[in-house]
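Rule-based calculations on the coordinates, nothing more; no lab input. For clarity, every value in this text was computed on a predicted model and none was experimentally measured. So basically every Cβ, Gly included, is an ideal-geometry build from the backbone, and we count neighbours across all protein chains shown.
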Amino acid sequence: MKATELRIGNWVENESTNRQVEGVQLTGGYNEVMFWKIMAFEHDISPIPLTEEWLVKLGFESEGNMWYTTNNISYNTEDNRVVREQPGILGTIYNAITRVSYVHQLQNLYFVLTGKELC
């Protein structure tokens, strides 16, 4: 996993433990990710697969295979697509944005679409 994919607040796995990123130091050779009182090289961290348990932790609510937030962003567990609902003159438009497989990807995309952090 590349440190450049991460933002402060992203969840990743390090030493079999889920940790939240507190900083990223890009040195050109051995990029480091900082956690509370811990530093790790980027090759020592792994992305966390996006599961229903994580969707609940991130504040999503389920309705079948669709998971919703209060900011018109939803996630389809059948095809791993993030969908954005946009009200329009002729009704709601549903835009499938992209597929995501990991917690940090959903956190980053949610921030880009809403300007708000996802847990």
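General remarks:
- Label-point gap, in nm, between Glu78 and Asn31 - each point 7 angstrom along Cα→Cβ: 3.6 nm
- In this label model, Ser46 and Ile93 are separated by 4.1 nm, measuring between points 7 Å along each Cα→Cβ vector.
- With at most 15 neighbouring Cβ atoms within 10 Å, loop GluC sites (Glu not before Pro) (DSSP) excluded, longest segment of the chain: 23-77
- Recomputing log10 I(q)/I(0) by the Debye sum over Cα atoms at q = 0.10, 0.20, 0.21 Å⁻¹ from the coordinates shown identifies the correct label among (1) -0.34, -1.06, -1.13; (2) -0.40, -1.13, -1.22; (3) -0.30, -1.20, -1.31 as (1).
- The stretch 10-45 and the stretch 51-91: distance between their alpha carbon centers, rounded to Å: 28 Å
- Amide H contacts of Tyr102 (H built 1.01 Å from N, in plane; Pro and chain starts excluded): Leu50 sit under 5 Å, all sequence-distant by 5 or more or on other chains.
- Nearest-ten-degree value, helix 103-114 long axis tilted from longest Cα axis of the chain: 50 degrees
- The chymotrypsin sites (Phe, Trp or Tyr not before Pro) found in the stretch 34-69 that occupy coil by DSSP, while having at most 15 further C-beta atoms within 10 Å, are Trp36.
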